[in-house]
Amino acid sequence: MSPAFTTRVLNIASGTEETVVDLTHDCESFLREVAGGRDGLLNVFVPHATAGIAVIETGAGSDDDLLAALHTLLPADDRWRHRHGTPGHGRDHVLPALVPPHATLPVLGGRLELGTWQSVCLVDTNISNVNRQVRLSFLG
């Protein structure tokens with residue numbers, strides 16, 4: 001693998017409740033190890049059909065608001081044609097159309113370039129899949 005490209009997989013225990021998991025510190029730690037002060041791009045990807053990556057403010061209620069909005073847009077009821085798993089699980093398979101499974105972010109001088117209140121987050125509404133993998137890839 002070229003030194004210009006480095007990748008790592010994070011194992012995240014997302015638990016048995018709908019959740020937003022802040023990955024910002026993991027992303028920053030990864031970049032400190034691999035970016036070497038270079039400019040480039042960080043790609044964050046969750047290889048699951050029922051989870052997404054969002055750039056959102058956390059800790060001030062926005063993460064809970066996101067889950068509430070998703071619950072309103074994608075209720076856990078019997079309307080879904082995809083019916084295996086827990087009741088309403090079909091909605092979890094629609095989630096990545098609204099919260100994509102990836103984000104590509106600028107890295108300047110080896111540091112993640114986010115706005116003041118922005119965080120990189122895993123969004124997981126699938127209460128049956130308690131462990132997730134998230135791939136971080138730096139190209140610089």
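The values are calculated or read from the model by the stated rules, or taken from the named source; none is laboratory data. As the structure is a computational prediction, the values presented were derived from the model and not from experiment. For neighbour counting, all protein chains shown are included, and Cβ atoms are generated from backbone atoms with ideal geometry for every residue, glycine included. The protein model used for the area step is the full one, side chains on, heavy atoms only, and it has no ligands, DNA or RNA in it. Shrake-Rupley method; radii C 1.70, N 1.55, O 1.52, S 1.80 Å.
A few points about this structure:
- With contacts taken as Cα pairs under 8 Å at a separation of at least 6 residues, the chain carries a relative contact order of 52 percent.
- Gaussian network model of the chain, springs between alpha carbon atoms under 10 Å - residue of LEU122, LEU105, LEU42 with greatest fluctuation: LEU105
- Per residue of the chain, the DSSP helices (runs of n ≥ 4 H) give a summed -39500 (n - 2.57) that works out to -7000 deg cm²/dmol at 222 nm.
- Length added when fully stretched, GLU113-PHE5, from 0.36 nm per residue minus Cα-Cα: 37.1 nm
- Kirkwood-based Rg to Rh ratio, the stretch 89-128, C-alpha trace: 1.11
- Rounded to the nearest 10 Å², the accessible area of VAL130 at probe 1.4 Å: 50 Å²
- Here the translational diffusion coefficient of the stretch 1-41 follows from Stokes-Einstein with Rh set to the Kirkwood radius across Cα pairs; for 10 °C and 1.306 mPa s it amounts to 129 µm²/s.
- Cα shape, the stretch 31-94, gyration tensor, a/c 1.5 rule: oblate
- Size-normalised alpha-carbon gyration radius of the stretch 7-65, reference 2.2 N^0.38 Å: 1.28
- Ordered by solvent-accessible area of protein heavy atoms (1.4 Å probe), largest first, the residues LEU10, LEU31 come out as LEU10, LEU31.
- With the convex hull drawn around the C-alpha atoms of the chain, the volume per residue stands at 102 Å³.
- Only Lys, Arg (+1) and Asp, Glu (-1) charged, at Cβ; the stretch 5-140 dipole about Cα centre in debye: 540 debye
- Surface composition of the chain: carbon plus sulfur atoms hold 54% of the accessible area, using a 1.4 angstrom probe and ignoring ligands, DNA and RNA.
- Equivalent ellipsoid semi-axes, the stretch 61-112, via Cα gyration tensor eigenvalues times 5, rooted, Å: 30, 14, 7
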